[in-house]
Amino acid sequence: MPRLYDEDEARRPILQPDTDSEDPPAPGGSILRQSDDDELSQRGLSGCGSSACCNPTSFLHRFMALILMCLVGFGSYFCYDNPGALQDKFKSDLDLTTSQFVWLYSIYSWPNVILCFIGGFLIDRVFGIRLGTIIYMFILLIGQLIFATGGLINQFWLMILGRFLFGIGAESLAVAQNNYAVLWFKGKELNMVFGLQLSFARVGSTVNFLVMVPVYNYVRSLGYQGHQCMGVVLLMATLTCVMSMLCALILGWMDKRAARILRRNENPPNGEVAKLSDIKTFRITFWMVTVICVAYYVTIFPFIALGKVFFMRKFDYSPEDANTVNSIVYIVAGVASPLFGLVVDRTGKNVLWVFLSIIVTMVAHGLLAFTFYNPYIAMITMGMAYSMLASSLWPLVALIVPEYQLGTAYGICQSVQNLGLAVISMFSGLIVDKGGYFMLEIFFIGWLVVSLLATIVIWLYDTNNNGILNMSPPERELHASKLLREETKGRSSLDNILAVPSEGSLNADHESLSTAAAAAPESIRNRYVSRVLDNAGNQSDSEPLIE
């Protein structure tokens, strides 16, 4: 029996455009299924389930789910930059050097060099998205509580332990958020959805920078001093993680309900499951994306972590004003990310947008390093570039990697990124202590050059192949339609060959393989070889010979 389109789909990158209309019957009698973009079609719901608010097919219901996806990460990003917003207070109240302070960020990243990849794999293979999100959110919450307790009793080692656990939960949670976004918003909306998720994340960081100093001053006015004041402030920040946990529970319930109503299988078609050996099949474009994840983001997050004192020293700002300008990147990203996502959805050209964002970020760091211009100009420029990159880079993974491997792929990206952040955060603190902030800016510009070279590699490799990563949406639709026509044509030409051969015709079938292999996609060839060998007693139809 020929392999249907339903079964082949799991091996494709999900952002290959689909048609919104009913697909005609394929030659040979196969019926092509409706696109996944139109997966949320009416299924005869009645009562509350048929209303826009409760019907998983409606835009309103999906938008409600999107808001919950965004709020799941709010507490993580709010608490992540608690030390950055109170850098001077941390160092004075807890008697920390700059190098010790940076440990609060680097220890966050170290466990995720390995565990973030494992977390993504566990989502694909063991937990599923719903349970995985709740588990990682719980770990994050416990980590923040331990971190706050360490500050309350002035035990730096306990604070380090808390940040360690917080990092394990937070980065794996980000992988789960990416998978939720891909599951609910396949196709043309995905760039906007990633942009909106980033926007909410940056809102969390922005609110942190704007409110933590006033909250600290308020707690201090109540009579708390030193490390006790710091501990109480961090405990109050933990409330945002509690809110995110509630959102994770509600989102899990909504997704379970949608899966039941829509009869959506969580396991990939035809038994395709993620395997660790899949890593060997990832293309060079994916690995270059991971290089950009490291080389670009180490010029953003470590800078913001140390930026408050930088603006106080170089521009003679007060702590409150330094916090404000330091949070400009997040404020701009909160507004610009979904807008850039919409632009990328309309224009495509993801690799071009990544290239431009890196160039603009180099300009912003150059202004901070070599000039005394108003730092708001450089930080607004950096925020725009950061939004541009995040909205165009992360969806590239879904263009490169098949859907059933996305958890593993995003986990690898997060893991490699955390390796870079852990190492660079430590080096950044040492560079500031030994050489000052000017040398730190030169260091960051060097990493931006590395990310620029990786982008050029992606561009050249993609141009020499199918070029889909830098196509416009109409071009991607044409490309996907062409692949679909070739696949159905190849399937039709194999219909007679794939019929169960008699023992006497087995040799003829073997001779037909070379002709069939030239015309059909790899998945059809695999199925054909399996069928032939099955009749020879050597192989089961469910175990393709060629992986």
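Can you send over the carbon and sulfur percentage of the accessible area for region 313-357, probe radius 1.4 Å, protein chains only?
Values: 1210 of 1870 Å².
Roughly 65 percent of what the probe reaches on region 313-357 is carbon or sulfur.
Between Leu478 and Asp321, the simple label model (points 7 Å from Cα in the Cβ direction) yields a spacing of 5.5 nm. Arg62 contributes an accessible area of around 30 Å² to the protein surface, as traced by a 1.4 Å probe with all chains present. The alpha carbons of region 381-422 occupy a box of 37, 26, 10 Å along the principal axes, longest dimension given first. For Asp88 and Asn464, the difference between the fully extended length at 0.36 nm per residue and the C-alpha to C-alpha distance is 130.2 nm. Peptide packing: for 141-150, 378-387, 87-96, the average count of neighbouring Cβ atoms within 10 Å per residue gives the ranking 378-387, 141-150, 87-96, highest mean first. Distance between the 7 Å Cα→Cβ label points at Lys314 and Thr281: 4.7 nm. Note on Ile118/Met243: beta-carbon distance plugged into 1/(1 + (r/R0)^6) with R0 of 30 Å gives a FRET efficiency of 0.65. Tell me the net charge near Arg220. Cut-off is 15 Å between Cβ atoms, Arg220 excluded, with +1 for each Lys or Arg and -1 for each Asp or Glu. Overall, the nearby charge balance is -2. The tail of the calculated P(r) for region 130-212 beyond 18 Å holds 57 percent of all Cα-Cα pairs. Any idea how far apart Thr371 and Val211 come out in nm if each label point goes 7 Å out from Cα toward Cβ? Roughly 3.5 nm, to one decimal.
The values are calculated or read from the model by the stated rules, or taken from the named source; none is laboratory data. The structure presented is a predicted model; accordingly, all values stated were derived computationally and were not measured. Virtual Cβ from ideal backbone geometry, glycine too; neighbours counted across all protein chains shown. The accessibility values were calculated without ligands, DNA or RNA, using every heavy atom of the protein model including side chains. Shrake-Rupley method; radii C 1.70, N 1.55, O 1.52, S 1.80 Å.
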